[in-house]
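See structure below.
Values in this text are rule-based calculations from the coordinates and carry no lab data. All of these numbers come straight from a predicted model, not from anything done at the bench. Don't worry about glycine lacking a Cβ; one is built from the backbone with ideal geometry, like all the others, and counts go over all protein chains shown.
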Amino acid sequence: SRGDAEAGIRYLETHRPGVLADPVSAGVAISLAILYDRAGRLDDAIHVYESYLEAFPDDPFVANNLAYLLAENGQRLDEAEALVRRSLADDEELRPSAVDTLAWVLFRQGELEEAERHALMALRMLPAMSNYAPDDESSQELLGHLAEIRAALAARPAYAQAEDTAAP
């Protein structure tokens, strides 16, 4: 809830004031940004990610999270795409998550066919991950993104017509 998020924010701001200057605190910075987002403080969440990336520009996890946050809110989509593409180049472990973020950015940019291609790619990568579970939150989120992308594609007259003619 928003109240729980605000309580978490107060705790982190009080007990971890130097979080953005500490290279081992990416997880705390991410937690603070997520709490800001849940509390409806989007600008603060973006600021945390950007501040952390100023100090540690090569952190692919934070870059991916910022890209996703921007895409989710329809903001600075070109920048979000650049961030996630950089994340993809920098970290194999992040790959399914970053490919899904790229799919979501492309979806928000209206590039539906490319978004679908990347969403499918992210889903195909999941079983190779050591922590993969088909019913976990991450898997469900990727499936939800693919469903939204396909719904948008199906709503396009040309796509619906092509699907009809391809059916046996």
Given the peptides 144-155, 103-114, 118-129, arrange them by the average over their residues of other C-beta atoms within 10 Å, most packed first.
103-114, 118-129, 144-155
How charged is the neighbourhood of Asn65? Take every other residue with its Cβ under 10 Å from the Cβ of Asn65, and add Lys/Arg as +1 and Asp/Glu as -1.
-2
Could you calculate the contour length gain from His47 to Ala154, that is, 0.36 nm times the residue separation minus the distance between their Cα atoms, to one decimal place in nm?
34.9 nm
With x for Gly and Pro, the residue-by-residue ³J(HN,Hα) of region 41-52, computed from phi through the Karplus equation 6.51 cos²θ - 1.76 cosθ + 1.60 at θ = phi - 60° and given in whole Hz, is 9, 4, 4, 5, 4, 4, 4, 4, 4, 5, 5, 5
